[in-house]
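The values are calculated or read from the model by the stated rules, or taken from the named source; none is laboratory data. These numbers were taken from a predicted model, which means no experiment stands behind them. Don't worry about glycine lacking a Cβ; one is built from the backbone with ideal geometry, like all the others, and counts go over all protein chains shown. Heads up: the accessible areas ignore ligands, DNA and RNA and are worked out on the full protein's heavy atoms, side chains in. Shrake-Rupley method; radii C 1.70, N 1.55, O 1.52, S 1.80 Å.
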Amino acid sequence: MNNSICRTLLVAPVIIAVSSANAVPIYQSNQVTLYMEGYFTAHMVNTFGDTQMQDGASRIRIGLNVPAYDQWDTGFNLEWGVRAINSAQNLVIQGDQQAAPGDRQQSLFLRQGHLFAKHPTWGDFSAGKQWGVYYEVTYVTDWYNVSGGLASGTYGLNTDGGVTGTGRADSALAWRKRWELAAGDFMIGLQYAAHTADLETAVEIAPDRELVCPPSDCEYGISHGIAATYRADIGEGLFFGVAYNRVKLDLASQDGLIFDTSGDEPVLIQDDFAFNASSNDWTTALGMYYGKEAYAKGFYGAVVMQRSQNNQLAPQGSVVGVTNFFDARGSESFLSYTWGRDNCYSFYGGHNYLESDDPEFDAALVQGDKYRLEQYYLGFQYRWNERVRIYFENAFDSSNVVARPEFDSFNAIGIRIDI
């Protein structure tokens, strides 16, 4: 084993155009650069009283850079998530593992696909499925190897955050611009998505009575996002960021379907139930960190706090009402300390905490007085070299009876190999 090549990985929240330090060039000329990057990760997890091997957030990305005129750089990024260990797994314990609803049983599914154009003066423009500007703030705590990302609002509604625009935003147009200042770096990001997605919703409105919204009547509409960050040259680096995202949520129909669920099979008993629960899905986040970056030499400490409306879903069957959306507040933290001759050893830990902040929703719960997800993490990572890492991660779950069907304590050991 040659520890002399163990170097600190270069990491960044969102890299739109140029390849990272670990990217592998496939083809280069004076006109284009085609490259590939990504990683494979898998872990053995004991949770919910069972032990099994699970896929991590494995992915593979292909990018193309094409220099254009007058300092413009253009190209595209295509990234796929990969399930190689168990393509039919149901357990998801990390936000970044989430796929879009239609992709959850696919062995290979699209994570990102967008075009970009960059200019040092005019900023970075991108169009397609991409990390939303909201993630420019919330990425600071999303560094766990197995879990995490559950309380920042990024992966709301138990998805990849595509339809809401907070995570890997669907059909989004984004602009980002950075300014190098004497005492740091300032960035602003704007995002617009005209994507409309049908929303399949089925909720219990009374004992043995379930309301189903007809296809195309309930949907997500236009979304907007904005983020601003500042990294000050204080010590190892001090970062502050704030983000806001809003998407129109249309939940209205004159033809709602009421089913009797008392028997073995649901029976349609009414097809003209009128309801209107339309609202907005919004979330806002504040993030900060101190240090160089996660798993870099020395200390890194980050925290994210968020408030949201209709951006979270309670477990199915936990509430009686028109929807199981709820308003929430949450916080995440991630701390790491890295040391050793080649900075290969890291202890890390932190928490994810999310609770309902919605009296109407709380009153409609079948059991419990609110939704509360509460997990604490402790892990150790060994960087074998710049492309291979081995990790141990544990979660200590204190979630209440409402969140408990989806979350539990776990112990995991895994490996990640970068391209």
Check Asp369, Asp342, Asp362, Asp408 and return the single one that is of a type outside the set (A, V, I, L, M), touching a Phe, Trp or Tyr at 6+ places or on another chain (Cβ under 6 Å) and either more than 30 Å from Ile205 (Cβ to Cβ) or not in a strand (DSSP E or B) (or both).
Asp408
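What do you reckon, is Ser262 modelled with pLDDT under 85, surrounded by fewer than 20 Cβ atoms within 10 Å (Cβ to Cβ) and not in a strand (DSSP E or B)?
Details: modelled with pLDDT under 85: no; surrounded by fewer than 20 Cβ atoms within 10 Å (Cβ to Cβ): yes; not in a strand (DSSP E or B): yes.
Criteria not met by Ser262.
Filtering segment 160-192 down to residues that are touching a residue at least 12 places away in the same chain (Cβ under 8 Å) and over 22 Å from the mean Cα position of the chain (by Cα), which residue is surrounded by the most Cβ atoms within 10 Å (Cβ to Cβ)? Step through it out loud before you land on a result.
Just the residues of segment 160-192 that are touching a residue at least 12 places away in the same chain (Cβ under 8 Å), to begin with: 160-178, 183-192.
With over 22 Å from the mean Cα position of the chain (by Cα) added as a condition, the list becomes 177-178, 183-186.
Numbers: Lys177: 15, Arg178: 15, Ala183: 10, Gly184: 17, Asp185: 15, Phe186: 15.
Taking the candidates together, the pick is Gly184.
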Taking Thr196, is it over 24 Å from Val319 (Cα atoms) and either modelled with pLDDT of 90 or more or touching a helix residue (DSSP H, G or I) at 6+ places or on another chain (Cβ under 7 Å) (or both)?
no
Across segment 143-159, which residue is least open to solvent (accessible area, probe 1.4 Å) among those that are farther than 16 Å from Glu332 by Cα and not in a loop (DSSP other than H, G, I, E, B)?
Leu157
From the list Ala328, Ala277, Ala252, Ala285, which residue is touching a Ser or Thr at 6+ places or on another chain (Cβ under 6 Å), without any contact (Cβ under 8 Å) to a residue 40 or more places away in the chain and either open to solvent by less than 30 Å² (accessible area, probe 1.4 Å) or over 19 Å from Asn158 (Cα atoms) (or both)?
Ala252
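For every residue, the table says whether it meets (1) touching a Leu at 6+ places or on another chain (Cβ under 7 Å); (2) within 25 Å of Gln312 (Cα to Cα); (3) at pLDDT 95 or above.
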{"position": "Phe326", "(1), (2), (3)": "no, yes, no"}
{"position": "Ser331", "(1), (2), (3)": "no, yes, yes"}
{"position": "Phe334", "(1), (2), (3)": "no, yes, yes"}
{"position": "Asn343", "(1), (2), (3)": "no, no, no"}
{"position": "Tyr348", "(1), (2), (3)": "yes, no, yes"}
{"position": "Ala364", "(1), (2), (3)": "no, yes, no"}
{"position": "Tyr376", "(1), (2), (3)": "no, yes, yes"}
{"position": "Asn385", "(1), (2), (3)": "no, no, no"}
{"position": "Phe396", "(1), (2), (3)": "no, yes, yes"}
Which listed residue, of Asn411, Asn324, is within 24 Å of the chain's Cα centre (by Cα) and farther than 29 Å from Tyr295 by Cβ
Asn324
Given the residues Ile205, Ile234, which is the only one that is closer than 30 Å to Lys297 by Cα and either open to solvent by 50 Å² or more (accessible area, probe 1.4 Å) or hydrophobic (A, V, I, L, M, F, W, C) (or both)?
Ile234
Taking into account only those residues within segment 27-46 that are under 16 Å from Ile419 (Cβ atoms) and in contact (Cβ under 8 Å) with a residue 60 or more places away in the chain, which is most open to solvent (accessible area, probe 1.4 Å)?
Phe40
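If you take the residues in segment 389-405 that are open to solvent by 30 Å² or more (accessible area, probe 1.4 Å) and in a strand (DSSP E or B), which one is farthest from Gly330 (Cα to Cα)?
Keep residues of segment 389-405 that are open to solvent by 30 Å² or more (accessible area, probe 1.4 Å), which gives 390, 392, 394, 396, 398, 401, 404-405.
Then keep just the ones that are in a strand (DSSP E or B); that gives 390, 392, 394, 396.
On the way: Ile390: 30, Phe392: 25, Asn394: 21, Phe396: 17 Å.
Per the stated criteria, the residue is Ile390.
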Go through segment 49-88 and give me each residue that's surrounded by fewer than 12 Cβ atoms within 10 Å (Cβ to Cβ) and in a strand (DSSP E or B).
Asp50
